[in-house]
Amino acid sequence: MLRIPQSVYDSIVEHALADSPIEACGYLSGREGDAKTSYRLKNTDASGEHFSFDPEEQFAAFKDAMSLGLKLIACYHSHPQTPARPSAEDIKLAYDPAISYVIISLAEDVPVVKSFKIKNGDVSPEEIEVL
Amino acid sequence: MKLIINGEAKEFSQTKLNVEELLVLENVEQPDMVSVQLNDEFLKKPDYAAVFLKDDDAVNFLYFMGGGE
């Protein structure tokens, strides 16, 4: 279960819409499944089909979260054209077994947000509760 | 050896430890897929095995994040 405050949920959806047709990406920080804040990161691929984080920005987010007593608990990215499910590339590049992978799909009229755990190529859907 | 790993103090029984070995101890299966900062300075991946740690070093590591639709 990933619990996300409405304001944070709205912020990541807004990010996805603002960056479309480029994939938006970032982190959610929080504690043990409770998201508290989000960090918008630059998609260094600047692509509508791929995303990569900038390590400098990753560490800046990590250190800011740590200064607030929080951890990076989820990575989010958008799928401007396709459903909210991990692609083969998403699964292949999901190296962190501890984090949640949140996908915001803009393929339908209304954005769809889903979360997954991905470990060794195995994908498990994770319920999202918006608070 | 006492190290601070991703903000958490940890004690290791080893007296000599390089970054690559530390990542293995931290259950990182693919060290090439993490970025590492030692005392706030980025390390180059080819240097992970050559950089040895000392007491109170702060090591932060984050996994590569990427994908595509």
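A short reminder: the numbers here are calculations on the coordinates, not readings from a lab. This structure is a prediction, so every number in the text was calculated from the model and none was measured. Neighbour counts run over all protein chains shown; Cβ positions are idealised from the backbone, glycine included.
Some notes on this structure:
- Number of partner chain Cβ atoms within 10 Å, mean per residue of B:52-63: 2
- Chain A, relative contact order [Cα under 8 Å, separation at least 6], %: 26 percent
- Neighbouring Cβ atoms from other chains, within 10 Å of the Cβ of residues in A:23-31, number 1 on average.
- Whether chain B is rounded, prolate or oblate, judged on the alpha carbon gyration tensor where a/c under 1.5 counts as rounded: prolate
- In chain B, Cα pairs under 8 Å separated by at least six residues give a relative contact order of 43 percent.
- Selected from A:VAL13, A:VAL112, A:VAL102 as most flexible by GNM, with chain A as the system and alpha-carbon contacts under 10 Å: A:VAL112
- For the residues of A:54-62, the average number of beta carbons from a partner chain within 10 Å of their own beta carbon is 4.
- With both residues required to sit in the stretch A:79-130, DSSP beta bridges show an antiparallel share near 90%.
- The DSSP beta bridges internal to the stretch A:2-130 are antiparallel in roughly 70% of cases.
- FRET efficiency estimate (nearest 0.05) - Cβ-Cβ, A:ALA98 to B:ALA50, R0 35 angstrom: 0.80
- In the elastic network of chain A, a GNM with C-alpha springs shorter than 10 Å, the most mobile of A:GLU32, A:GLU108, A:GLU57 is A:GLU108.
- GNM flexibility winner over chain A from A:SER52, A:SER100, A:SER87 (Cα, springs under 10 Å): A:SER87
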